[in-house]
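Trainee: First the structure, then my questions, so here it is.
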Amino acid sequence: MRNSLLRSVLRASLSGLMLSACGGMPDEVGPTPAGEDLGTQEAALDCAGANVTTLNIGGMSSWGGVLSGGGNWSVTYPANGVKLSFYVDGVWRGDQTLQGDANRSGTWSFNDSSISCGSHTFQVRAYPAVYDSSGNPPGTCATGSTSKTFSFSQGCPTANLSCSQIPYSASCTGSGSGGTGGYTHFMQDVYTENGVTNANPWREGGTSWGAYCPLVTGGTTATRQITVYYKVIDSSGAQSPVVSRTMYCATR
């Protein structure tokens, strides 16, 4: 009896060892790692049929080198927002992404500096955008876009310089015009004599200039050259182009 019981125990032990060695026992299944969401998949961006149907520029103006303006937009389903890109003279100036109202529409505005004097072209490009129900940052569609352009100008101040010579002296008077007014005046004089040039620094505030400079006549020779430079800056900070006048001084 005792021998029969011993043989049964040994057979059970050997059987368990063989199953473990041959991989017959299932491995223990651990818990899913924290933070891993099984079966979750990001929704695909749906751009089918999305178009920008309205894009308007209500007006753009530039004052003191700052460009400002705005307009409105609308899109079609499934788009519910818009991405706008702004350009001045073909140079990118920034992007703006906006979510629409219940009618899938809205308004936009833009301002930027600095804008140089003269004529310019503003352009806005609009692309359909799709916000999710939580208003998260949208996906942007590559198709269905449109663009609008608008021409504007930044007023430029102008520097005016008049000069004259009498028998033994030369004088100049400067003035500003255009732009936003309230001018600050700048003058500079440059002397060339015997092949040597000396330039004085720009002087702020003056509108008149004078120097000894005998008038060149039929019996004299020019040995000295004086060039006077003048510019103004208006109250908005816009600078005029530099104007100049050159005079020749005689020696007997």
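Trainee: Using the Kirkwood radius over C-alpha pairs as Rh, can you work out the diffusion coefficient of the range 67-207 via Stokes-Einstein at 10 °C, viscosity 1.306 mPa s, in µm² per second?
Mentor: The diffusion coefficient I find is 80 µm²/s.
Trainee: Using r as the Cβ-Cβ distance of Thr184 and Cys156, and R0 as 22 Å, what FRET efficiency do you calculate, to the nearest 0.05?
Mentor: Rounded to the nearest 0.05, the efficiency is 0.90.
Trainee: Put one equal scatterer on each alpha carbon of the range 123-201, apply the Debye formula with no solvent term, and list log10 I(q)/I(0) at q = 0.16, 0.26, 0.27 1/Å to two decimals.
Mentor: Each listed q maps to, in turn, -0.86, -1.22, -1.24.
Trainee: State the volume of the convex hull built on the alpha-carbon positions of the range 138-177, expressed per residue in Å³ and rounded to an integer.
Mentor: Per-residue hull volume (Cα only) is 151 Å³.
Trainee: If R₀ is 41 angstrom, what is the calculated FRET efficiency for the pair Ser171 and Ser113, using the beta carbon separation as r and rounding to 0.05?
Mentor: For R0 = 41 Å, the calculated efficiency reads 0.60.
Trainee: Return the tail of the calculated pair distribution for the range 167-216, meaning the percent of Cα-Cα pairs more than 13 Å apart.
Mentor: For the range 167-216, the fraction of Cα-Cα distances above 13 Å is 68 percent.
Trainee: Pull out the extension gain between Tyr212 and Glu193, defined as 0.36 nm times the separation in residues minus the alpha carbon to alpha carbon distance; nm, one decimal.
Mentor: 5.5 nm
Trainee: Using a 10 Å cut-off on Cβ atoms, rank the peptides 44-56, 90-102, 230-242, 178-190 from the highest mean neighbour count down.
Mentor: 230-242, 178-190, 44-56, 90-102
We did not get these values from a lab; they are worked out from the coordinates using the rules stated. Note that the structure is a prediction, hence the values are computed from the model and not measured. No Cβ is skipped: glycine too gets one built from the backbone with ideal geometry, and neighbour counts run over all protein chains shown.
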